[in-house]
Each structure stands twice: as structure tokens, then as C-alpha cells.
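Step one of this worksheet: look at the structure below.
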Amino acid sequence: MWRSVVARAALSRQAAARSFCATQNPKVPSSSKTLTESDFDSHLTEAGQSSVGFGENGDTQLENVSTGVEIRGVLDRDAQLDSFASGDDVFGDSERSGDVQLDSFASGDDVFGDSERSGDVQLDSFASGDDIFGDSERSGDAQWDSFATGGENGDAQIDTSASGDGEGEVYEIDVAQLESLLSLLQSSVDGSLESSLDVMGLTLHEEFVVKVLETPLVLGENLIRFFKWGMKEKPEFKVTTRVVYALTHAICSDLKRKDAYALWDLIKEIGERENGVLNAEILNELIALLSKLGKGKAALEVFNKFGDFGCVPNFDTYYFTIEALCRRSFFDWAWSICEKMLDAGSLPENEKVGKIISWFCKGRKAKDAHSVYLLAKEKNQYPPRSSVSFLISSLCRKDETVKLALEMLDEFSGEARKYAIKPFSTVIHGLCRMRDVDGAKQLLSKMIAEGPPPGNAIFNLVINGYSKAGDLGEAMQIKKLMETRGLKPDVYTYTVILSGYANGGQMEEACKVFSEAKKNHSKLSPVTYHTLIRGYCKLEEFDKALKLLSEMKDFGVQPNVDEYNKLIQSLCLKALDWETAEKLLEEMRENGLCLNGITRGLVRAVKEIEEEELVLG
């Protein structure tokens, strides 16, 4: 219904306009309902005037028609009214149909965006030729052309042109100036840069400066000099956070120490002159650059300036500063920064937490690294397993921190526990070293029950612990437990048990274990024989010791200097048997072994003493 009403109103006003034109201008044929294009051209030629556009007021247009100035505008409106009456779309590429447009006008909706006028006012405006676009200075034809070609940004462009002010205008970069400036900045550095900038007539808008700073392959030194020149010579140049970050990012992309220090000097100048421009992201980029360059002290200086610049450190700030200091082995300074991080409760991501733990472990600060691990655990953060294993190994280096490592083993569960054999073995080794062998046995039993399954190495650690403690019975029990799990005791297992018996003077028990070892292994270690020879020498049973020395060769084990040295010293000091000692020396020469001068001197001394005794009597 609204569409038919609008159409009739439009046709009525069209007829009135034509009637008025006919009465005011007798040169226009009144009997003709429409004028051809040639009629208009003829009339315009006689009038000698050009069209003044659709944007003028309707009354003015009618007056122009009566004086022979404008008739095309009226006919254009006729065509427009016909288009509205028939439902055609006058907007060219608009996707809305004529019906939708008429419905929109009839309901008072604004098809142009933010207009507040009702549909009736709009129709009146079209009928009278009023300009619905406000104070636009463009002609009506230009406006229609803009709509028909789908002008850029649609309604936003209309609003910008209609407002008549510069708030909606988009800054356009002068491409010629940009290319000239980049050509200058990409050239080699010399003293004429500032003077060359002075004669270029640049206007340093923020967009222009950011575009320059984001361009690759520009020398960092030139960018800093350009920035300083802008601050000094161009009042319109505003130092904003965005601009400073773009400069910092550009300089930090290239690892040059000179540029890094120049950038730091510039940032300090900006921080003293401008409030609220610098932020944590800018300073973090600089700290990260100094860290890569190995400048730990400079990175610490930047960190200490956060408060002066009104910036609050975040987790990246702490991480990059700790990294820079640990790279230079300033672990005490790094720990002071880490303490601030822990007090603030600000931790980086899991991967970075793991790196911090590893750095302090390398710096022999395992207990401090454990504090970082505990805070991460409270915050439900889980560093990489490699870092946790490294922390456990580092804690086991000292007896007072082995218990901390033992507690950390409970964190391993499921699939991770299955493959955590190295951390468990490290803790068992630490417990045995601090002579808590019972604790090591308990952990071994827990491994058998819950995993990871222990191997020969872990059993040997516990057996060795009990052997050194003199508890050979318990050592043999662990050996039997080992065998029940399908593991075969190796040469090391027998050797540590032999050592325990030999040190306690129980050579008979040692020989039993030795016989079992020879039965299960075709070739034994020189250490095994050395252990028994030392035990016999300790008991001054040199014949048995010499027999073992000969037996070594039969089992394919070549005696080394240690065996000979131990025997020769024992023969000289305890048995005063220099003759046997000399035979061993000759045997060593034949085997290509060289005895140290002290032992050779000992043989000569014993020989001389015996000869003197024979002379005296």
C-alpha cells in the first residue's frame, strides 16, 4: 500500500513540475510530454549556460529553468521520480531492490546510514530537488556517480564529506617522500644525514614514521639518528608508544651492540622527557636484545629503570633479565631478580620456567632452583621433565639436599614414572653416598612395586653401599633379590662384594664369591684380582697373592702397574723379600710396564740393608 501511495505522490509532483516549467518557459514545447536529448542540447545552447548540479535547492532549479539556465536538473528529477515510482534502483551497484527502497522511504528509514529525517521529508526533498546530503560541496551529478560506482567506504565517506571537518579524513602517505627518505636511510652512514633531512621538507605524521621504521633493510644507526632529528627539528612529531615500539623492534631485529647502546640512551632520554610513553613491552625487547649480545650488566640496568619510567615488570621482564645474567654467570644477581619474581608471584610459561631451573642448577644453586620449582607447582605449572630430572640430579650433589630430590620423585606418575630411571638412580646413589643405605633399599623396594623397574646398576649401587658399610649379609640378600627378578649379577656385583669381604679380612668368604664369579663369567676384571691381591697382602699371605697374579694371565687378564706395585711394596716392607721383588721388576720390563722411581728405590734400599747385615755378620 505504501508503495502505491508513494508512486502516486511522485507522479503528481512530477506533473506539477512540468506544468510550471511550461508556463515559465514558452520555448519548451508544452504539448510534448517528454523532451528528447537533442531538444535539451538545443535549449542549453540557446541559454548558453551549463548545469549547476543536482545539489542545489529545488526552488533555485525551477528559477534557473524559467531563465533558461537549468532544465536538465528538472528532467533528471523526473527520471529519478519515475525510477522511484517504478521501483528501480537509482544507486547503481546497490544490492537492495526498488521495493525495499520504497518501503524504507515509506517507513521513514534512512537508506544512507545515520540520517534522522523521516521518509516523508525525504520524499519531499526528492520532489523539490533539495539536497539530502547536507552541506556537501560536490555537485549532484558527482554524488550520484559516486554512489553508482560504489565509492570507497560507503556511508563513512559520505559522513566524512558531509561533516566538512578533518576528523574523518584518512591520512595518505606521500609515496614520493617516503621513497626518497628510505633511499637516504638505506645508504651508508655519514655526517650529512641530518642536513639531508633538513632539505627534504618532511611532515612527520605518526603513520609516516611508523611506515619508515617498519621497512626492512634500513640501517639501525640511521633510524636512531632520524628519530632524534625528528624529536629536535619537527614540532609536529609526536613521540608515542607505538612509534617507540616500532623503533625498538626494528633495532632489536639486528644484533648490533653499538645500536643497542644507542637505543638505550635514546629510551632513557624519552623516559625522562615523556610520561606514559614507555611500557614493559618496549623495555623487554631491549633486555632481550642485550641478553642475546651477552650484556648482562646492561640488561640489569634496564631492569632497574622500570620504576623510574613508571613501568611494572611482567614475567617476560624477569625471564629475560635472569637469562641475560645467567649467560654471563652472574648467578647471584640473577637470583636477586628471581626472588623479586617469586615475591610477585609472576612466572613465565612452563618452558621458560624449566630454563630458569636449569640455569640455576648449572650455577650450583640447586636449592634456589628448587624454590622456583615449588612456586610453579603451587600455580599448577609443570616444567619440562628434562628440567625436573636435571634439578633432581643437581640436588643429589650435596648430602643436605638429597631428601628434597627424594620428595620430588613422588611427582612422577603413570607413563612419566615408567621412563624416570635416571632420576631414581641418581637419588639412590646420593642416599648411598650419605650412608643412608636403608633409605636406598626402601626406594629400591618401591621401584620394584611401583616402577620404574630397577636394573643391574641400581642393584649394584645398593650392594656397594652395604659392602662399604660392612653389612655383607644384607649385600648378599640384595644380590639374591636381583637374581629372583631375572637379573644376572655382573662382574661389578661380584667385585664390590669381594671388596667388602677383603676389607674385613674374610678372605675365605671372598674366595667363595670369587669362585662363583669365575663360574658365571669367563673373563673377570683386573680390579677383581687387584681386590683379592690387596686382601692377601694385608694378611701377609704373599704366596697366595703371587698365585693370583699368575692366574690372571691364564684367564686372559693382563696385570697392570697397580698389581705389581702393591705386591712389590708389600714384599719389601713386610717380608723384606727383595729378590722376589726384583723378579717382579724384571717381569714388568718384559711386559712393557714401568714402575715408578719410589718403588724401584725401595727395592734397592732393602737389598742394600740386607747386604750390610750380611757383611756385619
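For this structure, a couple of remarks:
- Wholly enclosed helices (runs of 4 or more DSSP H) of region 462-542 bearing at least 2 residues out of contact with any Gly (no Cβ under 8 Å at 6 or more places or on another chain), among the hydroxyl-bearing types (Ser, Thr, Tyr) and surrounded by 22 or more Cβ atoms within 10 Å (Cβ to Cβ): 491-503, 526-538
- Top-ranked residue in region 371-382 [being under 16 Å from residue 404 (Cα atoms) and among the hydroxyl-bearing types (Ser, Thr, Tyr); ranked as most open to solvent (accessible area, probe 1.4 Å)]: 371
- Pick from region 579-594, criterion in a helix (DSSP H, G or I) and more than 17 Å from residue 553 (Cα to Cα), ranking: least open to solvent (accessible area, probe 1.4 Å): 581
- The residues of region 410-432 that are at pLDDT 95 or above and open to solvent by less than 10 Å² (accessible area, probe 1.4 Å), listed by number, are 423, 424, 427, 428, 430, 431.
- Test: residue in region 178-195 that is closer than 17 Å to residue 238 by Cα, out of contact with any strand residue (DSSP E or B) (no Cβ under 6 Å at 6 or more places or on another chain), assigned to a helix (DSSP H, G or I) and open to solvent by 60 Å² or more (accessible area, probe 1.4 Å): no
- Total residues in region 184-234, condition closer than 22 Å to residue 171 by Cα and of a type in the set (Gly, Ala, Ser): 2
- Test: residue in region 383-395 that is open to solvent by 70 Å² or more (accessible area, probe 1.4 Å), at pLDDT below 95 and either farther than 24 Å from residue 314 by Cβ or of a type outside the set (Lys, Arg) (or both): yes
The values are calculated or read from the model by the stated rules, or taken from the named source; none is laboratory data. Note that this is a predicted model, so its numbers are computed, not measured. Positions of Cβ are backbone-derived with ideal geometry, glycine not excepted, and every protein chain shown enters the neighbour counts. Calculation scope for accessible area: heavy atoms of the full protein, side chains included, ligands and nucleic acids excluded. Shrake-Rupley method; radii C 1.70, N 1.55, O 1.52, S 1.80 Å.
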